[in-house]
Amino acid sequence: MDFQIEKIAFLQLLSYSWGLNHQISKSLKKTKFMPDLKSITSQIRRDIVRMVHGVSSGHPGGSLGCTDYFAALFFKVMKHNPFFNMNATDEDVFILSNGHISPVYYSTLARSGYFDVKELASFRKLNSRLQGHPATHEHLPGVRIASGSLGQGMSVAIGAALTKKLNGEKNIVFSLHGDGELNEGQNWEAILFAAHHKVDNLISTVDWNGQQIDGPTKKVMNLGDLAAKFKAFDWEVIHLENGNDVDEVATTLEHAKTFVGKGKPIVILMKTSMGKGVDFMEGSHEWHGIAPNDEQLAKALAQNPETLGDY
């Protein structure tokens with residue numbers, strides 16, 4: 001990929017980020033290189049497995065399972081600015097609660113222009129800004145909270161959403177949560193609080209893959225009927241049956257936005273498969289926090305073509 005194509009690709013990715021696809025200039029339309037969401041997901045999955053393989057450490061399973069969500073949100077749905085400002089004035093906000101899936105988060109941020117993709121090679125290394133769990137101390141653009149401790153993201157997202165309301169902003173706060181972290185009681189206190197205070201500019205998504213580090217969620221701590229639980233707490237509940245279809249994810253997120261401002265917080269219950277995109281990882285909790293070896297990496301990369309250029 002030569003410099004001109006890289007420049008065009010970068011401008012296109014920024015246009016995705018701002019939801020301005022229809023405003024791409026005539027000069028960009030003439031080129032054959034127009035990355036679609038599926039091309040982006042393929043590249044992000046390559047980044048994920050290469051990052052964790054590079055340091056024999058990290059969490060590929062959940063990252064791969066949530067790739068379609070991140071691609072749809074950052075490149076299609078959310079209004080955000082890669083020229084990062086912590087206050088996020090006049091833009092939407094994303095809060096990652098299950099911070100261990102940092103590989104997909106870092107790849108998405110880099111691919112959407114927050115920092116150079118070459119920095120992905122520093123993942124989990126000494127003095128890197130790309131720590132195993134996202135943190136603010138390193139001042140990595142795009143990261144607004146430290147999210148190593150599970151169960152706290154819902155509270156933070158609600159606080160950010162209330163701040164938007166107090167400031168008179170019409171923007172949306174999006175958040176992502178693992179189903180396993182719903183074992184934490186803090187979530188349910190926050191969920192109750194959000195409904196009581198009508199935090200209706202919040203769209204929270206639960207990655208409902210049925211797996212956590214110790215095994216299937218049904219065996220570790222059965223979540224039961226999540227939809228009934230959220231409805232009982234007076235949330236607007238939306239079902240996403242295939243969270244690994246990037247177009248379906250984008251459509252569902254756009255549908256969720258139609259409920260903003262109607263008096264209830266919104267939750268998307270998103271069914272995904274842990275390890276999606278790498279056949280020997282799919283559906284198994286064993287890949288929650290294990291890095292592939294050389295042979296496994298080669299197999300994983302063969303299933304996810306290079307589309308935007310490896311770092």
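The values are calculated or read from the model by the stated rules, or taken from the named source; none is laboratory data. Since the model is a prediction, treat every value here as computed from it, not as a measurement. Heads up, the Cβs are rebuilt from the backbone with ideal geometry, glycines too, and the neighbour counts pull from every protein chain shown.
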Looking at segment 161-181, which of its residues are surrounded by 24 or more Cβ atoms within 10 Å (Cβ to Cβ) and of a type in the set (A, V, I, L, M)?
-> Ala161, Ile172, Val173, Leu176
Please specify each residue of segment 121-166 satisfying the condition of being polar (S, T, N, Q) and either touching a residue at least 60 places away in the same chain (Cβ under 8 Å) or within 19 Å of Ser97 (Cβ to Cβ) (or both).
-> Gln131, Thr136, Ser147, Ser149, Gln152, Ser155, Thr163
Log entry, pairs with first residue in segment 41-66 being assigned to a loop (DSSP other than H, G, I, E, B), second being among the polar types (S, T, N, Q) and at pLDDT 95 or above, beta carbons closer than 7 Å, six or more apart or on different chains, reads Cys66/Thr272
What residue, of Ala157, Ala161, is in a helix (DSSP H, G or I), closer than 16 Å to Met78 by Cβ, in contact with a Ser or Thr (Cβ under 6 Å, 6 or more places away or on another chain) and among the hydrophobic types (A, V, I, L, M, F, W, C)?
-> Ala157
Please indicate, with yes or no, whether at least one residue in segment 254-272 is hydrophobic (A, V, I, L, M, F, W, C) and in contact with a Lys or Arg (Cβ under 8 Å, 6 or more places away or on another chain).
-> no
Qualifying residue in segment 93-102 (condition: touching a Lys or Arg at 6+ places or on another chain (Cβ under 8 Å), surrounded by fewer than 18 Cβ atoms within 10 Å (Cβ to Cβ), at pLDDT 95 or above and more than 20 Å from Gln303 (Cα to Cα)) = no
Only residues that are surrounded by fewer than 19 Cβ atoms within 10 Å (Cβ to Cβ), in contact (Cβ under 8 Å) with a residue 60 or more places away in the chain, within 24 Å of Lys198 (Cβ to Cβ) and touching a helix residue (DSSP H, G or I) at 6+ places or on another chain (Cβ under 8 Å): list them for segment 232-268, please.
-> Glu254, Lys257
In segment 120-150, how many residues are surrounded by 15 or more Cβ atoms within 10 Å (Cβ to Cβ), farther than 16 Å from Ser57 by Cβ and in contact with a Lys or Arg (Cβ under 7 Å, 6 or more places away or on another chain)?
-> 1
Select from segment 176-217 the residues that are in contact (Cβ under 8 Å) with a residue 60 or more places away in the chain, farther than 25 Å from Glu286 by Cβ and charged (D, E, K, R) and list them in ascending order.
-> Lys198, Asp200
Select, from Leu297, Leu223, Leu253, Leu301, the only residue that is modelled with pLDDT under 95 and either part of a helix (DSSP H, G or I) or more than 20 Å from the chain's Cα centre (by Cα) (or both).
-> Leu223
Scan Asp207, Asp214, Asp225 and give me the residue that is under 19 Å from His100 (Cα atoms), of a type in the set (D, E, K, R) and surrounded by fewer than 20 Cβ atoms within 10 Å (Cβ to Cβ).
-> Asp214
The one condition Gly283 fails out of (1) under 25 Å from Val93 (Cβ atoms); (2) surrounded by 15 or more Cβ atoms within 10 Å (Cβ to Cβ); (3) of a type in the set (Gly, Ala, Ser) is (1)
Any idea which residue in segment 199-226 is nearest to Thr252 (Cα to Cα), counting only those that are among the hydrophobic types (A, V, I, L, M, F, W, C) and touching a His at 6+ places or on another chain (Cβ under 7 Å)?
-> Val206
Picked from segment 70-107 (must be touching a Gly at 6+ places or on another chain (Cβ under 6 Å) and part of a helix (DSSP H, G or I)), the residue farthest from Leu308 (Cα to Cα) is Gly99
